[in-house]
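These notes concern the structure reproduced below.
The values are calculated or read from the model by the stated rules, or taken from the named source; none is laboratory data. These numbers were taken from a predicted model, which means no experiment stands behind them. Here the Cβ positions follow ideal geometry from the backbone for every residue, glycine too, while neighbour counts run over all protein chains shown.
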Amino acid sequence: MPSLIASALLAGVVCAAGTKLSHEGRLLFEAHENVSYGAAYTERAVRATVNGDKPTHIAIFAGQRPRRVFLNAEPLPDTQWSYDDQTKTVQLNLPAGASSLQLRFDDLASLKPVPVEFPIAIDGATAAAPQPLRGRCVDEMATAQLEWNGEPGLYRLDVAGAPEATLQVSGGTRLDLDGRRLDYLGSGSNLQLTVPAPGGVCPKLHVRLERLGGTAALKPVDRPALLARANAIFAEGEAFRVVTGEAPSISTSHLNTHQGGCIYNWGFRGGCLEWTIQAPADGSYHLAFVTACAEPIALRLLEVNGTSQALLEFPGTGGWGRGPASQWQALVPQANGQHARYSLRKGPNVIRLANPLGQHLNLDCIIAFPAD
Ligand SMILES: [Ca+2]
């Protein structure tokens, strides 16, 4: 049986008079001429390559009579190959040059590429689902892709129905937060799906993307007034903890910072930092981030106590905070045209900011203050 040497990759032995390969007294391969030979055995097929300078007659151990024999992806008429019951070999003539053979034991009737299409369902997006993933199935493997044309944002990717399927993003960024995998999809991102298709049959797949939160704008508020508020609760930027990725640098030389310090060099793509806010009582609070940024925009995914809130679009502030005080801005996330509200509990609350695209952002402090 082929499974006796399943998945074995066999190298040919070139002899003076042709090529012969045996294993424990059993003939595995024979050619009348000198050739190079390799074969891989699976339950469904024997895949072999033969390369020689001259046309030759060959015998390949199959273990059982195959249903079909393919030469260079074309089915061979039954008259052009034979099966020998005694040696359990398939025998045929090959032309000179490189030949690719498949001895198929299953129903696969064609090795030609077949177009495949996998629709995508999206949760949490306001726009219509993008085009399906499109590609082809060839040699028992389906591959399909899609250049992302949907809403940019962070998504959780899921493929149901085929445990061996892989869905990957090129040109995007993956965040790994506590084992939860999130991918940023935007212009230039490419979704790529690969799934085994035994016997040329694609499994029934359900590709689902879940979009996390929306993109929230940030509104500047009066920074000195906010810093002076009696009920402001502070987490200094420099009091961060690293969740994933590399630590940013701490500076005491930037100007106009609260408590004399801030973080900079916060550009680790896919990284995440967290801070603790000590709330005096359960309640609804607003958050403000005092930042300086010379990039046009810097994205950060906000999580409060483990719940994803929104992808924050920090604007450029005109500098990194080494110049005029105006380079530091106090920015409050907005929701429905108002300051967003966050439920905090009395005691420690965890604020996380993940950095999906690696844009730099200097952070002086995070401020919570009771909701209006
Ligand atoms: Ca500070």
Residue selected from the stretch 175-210 under the condition under 25 Å from V242 (Cβ atoms) and charged (D, E, K, R), by the criterion surrounded by the most Cβ atoms within 10 Å (Cβ to Cβ): D183
Flag if L353 is closer than 19 Å to R223 by Cβ and either free of Cβ contacts under 8 Å to residues at least 40 places away in the same chain or hydrophobic (A, V, I, L, M, F, W, C) (or both): yes
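Conditions tested, residue by residue: (1) modelled with pLDDT of 95 or more; (2) in contact with a His (Cβ under 7 Å, 6 or more places away or on another chain).
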| residue | (1), (2) |
| --- | --- |
| E303 | no, no |
| S308 | no, no |
| L312 | no, no |
| G319 | yes, no |
| A325 | yes, no |
| Q334 | no, no |
| H339 | yes, yes |
Checklist (1) touching a residue at least 12 places away in the same chain (Cβ under 8 Å); (2) assigned to a loop (DSSP other than H, G, I, E, B) applied to T19, failing item: (2)
Residue identified as of a type outside the set (D, E, K, R) and either part of a loop (DSSP other than H, G, I, E, B) or touching a Pro at 6+ places or on another chain (Cβ under 7 Å) (or both) among L301, L353, L311: L301
Subset tally (residues that are within 16 Å of the ligand (Cβ to nearest atom), outside any loop (DSSP other than H, G, I, E, B) and of a type outside the set (G, A, S)) for the stretch 195-253: 10
Extreme residue, surrounded by the fewest Cβ atoms within 10 Å (Cβ to Cβ), among residues of the stretch 324-346 that are away from the ligand (no atom under 15 Å from the Cβ) and small (G, A, S): G337
One residue from T173, T166, T143 being at pLDDT 85 or above and closer than 30 Å to G267 by Cβ: T166
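Yes/no matrix, rows are residues, columns are (1) buried (at least 16 other Cβ atoms within 10 Å of the Cβ); (2) more than 16 Å from the ligand (Cβ to nearest atom); (3) of a type outside the set (S, T, Y); (4) not in a strand (DSSP E or B):
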position: T276; (1), (2), (3), (4): no, no, no, no
position: Y285; (1), (2), (3), (4): yes, yes, no, no
position: V290; (1), (2), (3), (4): yes, no, yes, no
position: R322; (1), (2), (3), (4): no, no, yes, yes
position: P348; (1), (2), (3), (4): no, yes, yes, no
Of all residues making up the stretch 354-367, the number that are buried (at least 24 other Cβ atoms within 10 Å of the Cβ) and within 16 Å of the ligand (Cβ to nearest atom): 6
